Amino acid sequence: MIEYRNVGMTYGENVILKDINLTINDGELFVLVGPSGSGKTTLLRMINRLTAPTAGDVWLDGDRVKDCDLRQLRLHMGYVLQTSSLFPNLTVGDNVTIQLEEAGVKKAERRQRALELLKQVGLPGEKYLDRFPSELSGGQQQRVAIARAMASRPKLILMDESFSALDPVLRRQQQELLLDLHRQSQTTVVFVTHDMQEALRLGDRIGVIKDGELLQVGCPEDILQKPANAFVADFFKSARPRLGTMGELLACPELEKLAAAGLPQVERVEEVTELPAEDGLLKFSCQGRGYQITVAGLLRYLGKLGD
């Protein structure tokens, strides 16, 4: 568990963070989101002591971070930056296991761990283990960086704008990869971004920061449906799915064509294992327009099709 207790940060007259109180739970994929210069990266860097607060304390598993042995703290913590930051003179395998080498793990064990991790991130070891970073694409380098962050089986991985330099297609692929790896490992991840779409896609919970103040913490649905103030509402406005009524859905000119072939396309339908509660929402897309519909509304819609 990570706790920020009355954390503040100033540089001279500039206030970077103001009295931050925040708890990040074990196994959580927690996203810090806000405009550039809001203080989110500073907050992240306090966890591995790249930055020290000028007020308050950061706690990790019951210990103050500033009291921890710095080398041990960072050896057991993954860190993925905006760029892959791979060592150009080391092979992919050596890049992945560099922390293990520093920890005294034997070469054969390091190699086996590298093969396991490269397979997990979609880079077959027999093809990529002995390559150098210059032989990889940007997306492949970032996958290697994620594998490196996981090498020591850390309880915590920090990710600072890790996908922002990638094109939209690669970015979505990396997001999918992170979600898959997180589901498998249940490692705690703290992810910084200024992209509200990315925050909503990745976060179990989201912390919204502006001008050094933590404005709201909540699950994606809370952030969208119950914004704490006008800034949060406006910041996520473009990411908010369009809420369609039954009348609007039935009036959609393309809906009849889609209905003839079955239901309208349901986003991520392969992950739906059961209907949500009566007050739950299902998301639909129709000719590029996004909708949400309640379970009751869906049943009415199906009944309409059967008339």
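Laboratory data are not the source of any read-out in this text; all were calculated from the coordinates shown. On a predicted model such as this, the values are computed, not experimentally measured, just so you know. Positions of Cβ are backbone-derived with ideal geometry, glycine not excepted, and every protein chain shown enters the neighbour counts.
Of the residues making up the stretch 115-137, those that are within 20 Å of Asp180 (Cα to Cα) and in contact (Cβ under 8 Å) with a residue 40 or more places away in the chain are Gln120, Val121, Gly122.
For the stretch 28-73, give me each residue that is acidic (Asp, Glu) and in a helix (DSSP H, G or I).
Within the stretch 28-73, just Asp67 meets the criteria.
So which residues in the stretch 188-239 are among the aromatic types (Phe, Trp, Tyr) and assigned to a helix (DSSP H, G or I)? Scanning the stretch 188-239 gives Phe231, Phe235. Residues that are more than 24 Å from the chain's Cα centre (by Cα) and hydrophobic (A, V, I, L, M, F, W, C) were ranked within the stretch 1-27; the one that is farthest from Thr54 (Cα to Cα) is Val15.
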